[in-house]
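Everything below concerns the one structure shown next.
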Amino acid sequence: MKKRIVPKRYLISFDTRTHSHLFTDILVVGSGVAGLSAAIQASNHSSVLIITKDKIDENNTTYAQGGVAVVLSPGDNISKHKKDTLTAGQGLCNPAIVSKIISEGPKRVQEMIEWGAEFDKENDHLIFTQEGGHGFPRIIRALGDSTGREVENTLIRRIKKNKNIKVFEYTYAIDLITADNFCHGIAVWHPKKGTTLIWAKQTILATGGCGQVYRETTNPGVATGDGLAMAYRAGAALQDMEFVQFHPTTLYIAGAVRFLITETVRGEGGILLNKNGDRFMPKYHEKAELAPRDVVSQSILKEMRETGNTHVYLDIRHIPRKRLFTRFPKIKEICESFGIDISKDLIPVRPSAHYMIGGIKVNRLSMTTVKHLYACGEAACTGMHGANRLGSNSLLEGLVMGNIAGIEACKSAQGIKTNLTPLSMNETPGASKISWLDLEDIGDSLKSLMWRNVGIERNEKRLLQAEEMIDMWCKYVMDKEFSNPEGWELQNMLLVASLIVSSAYKRRESRGVHHRTDYPQTDDIHWKKHLVLKK
């Protein structure tokens with residue numbers, strides 16, 4: 001494999017003498033559960049500015065259906081939840097981080113409830129559901145199957161009441177501004193205001209994942225890996241980029257968005273059938289449909305291949321109609337729009353790219369390897385998930401690590417007594433501004449390539465093919481200086497895709513969500529370790 005692509009430091013030209021400037025104590029990039037949690041905590045003693053590339057609630061958090069995994073039910077305990085998380089992570093979790101997040105989780109959830117979050121209850125007691133990989137029912141939910149939306153809305157209400165927090169929507173983060181391994185802020189673009197340089201004492205990246213580098217994904221259009229790419233260009237270390245989690249069950253209908261069919265559907269008794277109507281999961285794993293996600297995704301892929309079909313089916317017809325409609329109102333609504341009655345019909349499903357387990361390497365305080373730069377949520381790699389994320393641990397991690405990032409950034413900002421002033425910088429990447437490229441076509445080709453060659457199954461031949469194609473696209477995309485998000489997003493997606501391919505090629509074993517057909521065994525002797533990438 002060739003040497004990794006070395007991107008230019010900045011995507012745009014800028015001169016601090018001529019651009020407009022903004023100043024804030026804490027800058028938060030991203031508006032999902034982690035970013036908003038960080039902003040709320042940081043605002044206790046600092047001014048906070050949140051920037052988000054779309055409207056404030058357009059992010060992966062809003063679309064999260066399943067719930068929050070948290071130790072609150074009688075009979076459950078921290079040790080049980082930790083054991084399930086470590087088992088799913090297959091030797092690559094950081095046990096100290098796992099303990100910290102799981103132990104602090106109940107406090108963060110109770111705080112959300114105090115702020116008005118209405119999780120589903122029965123007889124005034126929280127309802128708990130069991131998901132794949134969990135040995136105990138510990139998943140709390142809201143609005144049946146719209147937990148993320150309730151969490152997001154609760155945090156937004158809190159943000160709007162806070163005078164120390166400002167929110168800039170539709171503001172695209174282009175690049176972190178750094179000097180001597182210190183982060184000083186960020187260059188952003190707004191459709192009406194153009195390019196602005198924002199200077200901050202501390203910057204927190206909570207930019208979410210990168211599902212859009214794959215053709216089949218549950219992620220919204222904003223999930224293009226911008227934070228990962230910005231951090232890498234700025235010299236931050238990234239870790240575990242080969243571990244991309246595929247959700248086993250997304251609605252598969254021509255013309256439909258890949259709508260997530262939450263894992264809790266299987267937790268409530270849903271079973272998977274192949275095109276012949278045969279239930280197949282028991283032959284692959286003792287826990288059948290409640291096996292870890294990597295097992296279910298790989299099993300579905302095998303069934304699709306063996307039966308020559310593009311999908312399998314989720315059967316929930318045996319669940320009582322009233323319970324079904326109360327429990328999964330959003331899924332009912334979406335399926336109905338395509339003529340599917342979930343109480344009578346099978347739901348066609350197949351896996352889709354869902355969650356970036358790897359990301360920007362951070363320590364227990366959410367600090368990256370660049371000073372004054374923090375990361376949290378899906379954009380960060382904390383060591384919580386190892387090689388395979390346990391279902392519903394992501395909202396938990398976002399709440400806890402977002403909270404920690406906000407507290408620590410606030411402490412650090414308070415220690416800086418001098419007023420912020422712009423650095424003297426005149427950056428000219430020397431890139432060509434002339435382009436006859438069809439960006440949409442390159443983006444679609446990249447997504448298809450990643451899905452075919454770097455998806456649920458990988459091997460050396462396909463990874464080398466992917467590297468060759470990405471390298472070719474990079475030669476005539478990366479040298480351009482674009483003036484709008486379409487170009488910047490493509491450059492970010494190409495960079496992130498190249499990092500995923502590079503890591504997937506290096507890890508010559510199968511572990512968790514990383515499955516190499518040419519190295520099908522887990523190799524603890526050589527590969528029970530993390531892969532760290534740095535520019």
Next on the checklist: With under 25 Å from Trp527 (Cβ atoms), open to solvent by less than 10 Å² (accessible area, probe 1.4 Å) and within 12 Å of the chain's Cα centre (by Cα) as the only criterion, which of Leu238, Leu228 stands out?
Outcome noted: Leu228
Checklist entry - All but one of (1) assigned to a strand (DSSP E or B); (2) without any contact (Cβ under 8 Å) to a residue 40 or more places away in the chain hold for Thr24; which doesn't? => result (2)
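Mind checking which residues of the range 72-108 are in contact with a Leu (Cβ under 7 Å, 6 or more places away or on another chain) and assigned to a helix (DSSP H, G or I)?
Residues of the range 72-108 that are in contact with a Leu (Cβ under 7 Å, 6 or more places away or on another chain), as a first pass: 72, 84-85, 88, 93, 95, 98, 101, 105-106, 108.
Of everything in the range 72-108, those that are in contact with a Leu (Cβ under 7 Å, 6 or more places away or on another chain) and assigned to a helix (DSSP H, G or I) turn out to be Asp84, Thr85, Ala88, Pro95, Val98, Ile101, Gly105, Pro106, Arg108.
Take Gly135 and tell me if it is surrounded by fewer than 18 Cβ atoms within 10 Å (Cβ to Cβ), at pLDDT 95 or above and assigned to a loop (DSSP other than H, G, I, E, B). Talk me through it step by step, then tell me what you get.
Values: surrounded by fewer than 18 Cβ atoms within 10 Å (Cβ to Cβ): yes; at pLDDT 95 or above: no; assigned to a loop (DSSP other than H, G, I, E, B): yes.
Answer is no for this residue.
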Next on the checklist: Which residue is farthest from Lys361 (Cα to Cα), if the candidates are limited to the range 179-219 and must be among the polar types (S, T, N, Q), out of contact with any Leu (no Cβ under 8 Å at 6 or more places or on another chain) and outside any helix (DSSP H, G or I)?
Outcome noted: Thr195
Checklist entry - Can you name the condition, by its number, that Cys335 falls short on among (1) assigned to a loop (DSSP other than H, G, I, E, B); (2) in contact (Cβ under 8 Å) with a residue 60 or more places away in the chain? => result (1)
Checklist entry - For Ala34, all conditions in the list (1) of a type outside the set (Phe, Trp, Tyr); (2) open to solvent by less than 10 Å² (accessible area, probe 1.4 Å); (3) part of a strand (DSSP E or B) hold save one; what is the number of the exception? => result (3)
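If we keep just the residues of the range 227-242 that are assigned to a loop (DSSP other than H, G, I, E, B) and in contact with a Leu (Cβ under 8 Å, 6 or more places away or on another chain), which is nearest to Asn459 (Cα to Cα)?
The initial filter retains those residues of the range 227-242 that are assigned to a loop (DSSP other than H, G, I, E, B), namely 234-237, 240-242.
Checking the rest, the ones that are also in contact with a Leu (Cβ under 8 Å, 6 or more places away or on another chain) come to 234, 236-237, 240-242.
On the way: Ala234: 31, Ala236: 28, Ala237: 25, Asp240: 17, Met241: 16, Glu242: 13 Å.
Looking at residues that are assigned to a loop (DSSP other than H, G, I, E, B) and in contact with a Leu (Cβ under 8 Å, 6 or more places away or on another chain), I get Glu242.
Quick check: is even one residue across the range 307-327 among the polar types (S, T, N, Q), assigned to a helix (DSSP H, G or I) and touching a residue at least 40 places away in the same chain (Cβ under 8 Å)? First the steps, then the outcome.
Initially, the range 307-327 is screened for residues among the polar types (S, T, N, Q), giving 307, 309-310, 326.
Filter once more, so that each one left must be assigned to a helix (DSSP H, G or I): 307, 326.
Imposing the further condition that a residue be touching a residue at least 40 places away in the same chain (Cβ under 8 Å) reduces the set to 326.
Yes.
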Checklist entry - Among Arg462, Arg458, which is the only one that is open to solvent by less than 10 Å² (accessible area, probe 1.4 Å), modelled with pLDDT of 95 or more, over 30 Å from Asp54 (Cα atoms) and of a type in the set (Lys, Arg)? => result Arg458
Item to check | Every pair of residues 6+ apart whose Cβ atoms lie under 8 Å, when the first sits in the range 157-178 and is over 30 Å from Phe14 (Cα atoms) while the second is not hydrophobic (A, V, I, L, M, F, W, C) | outcome: Arg157/Gly116; Asn162/Ser43
Item to check | Output for the range 109-129, where each listed residue is open to solvent by 20 Å² or more (accessible area, probe 1.4 Å) and touching a Leu at 6+ places or on another chain (Cβ under 7 Å) | outcome: Leu126
Item to check | Close pairs (6 angstrom Cβ cut-off, 6 or more residues apart or separate chains): modelled with pLDDT of 80 or more in the range 252-277, among the basic types (Lys, Arg) anywhere | outcome: Tyr252/Arg350; Ile271/Arg279; Leu273/Arg279
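The values are calculated or read from the model by the stated rules, or taken from the named source; none is laboratory data. Bear in mind that the values here come from a model prediction, so they are computed numbers and not experimental data. Cβ atoms come from the backbone with ideal geometry, glycine included; neighbour counts cover every protein chain shown. Side chains are part of the model used for accessible areas, which takes the heavy atoms of the whole protein and leaves out ligands, DNA and RNA. Shrake-Rupley method; radii C 1.70, N 1.55, O 1.52, S 1.80 Å.
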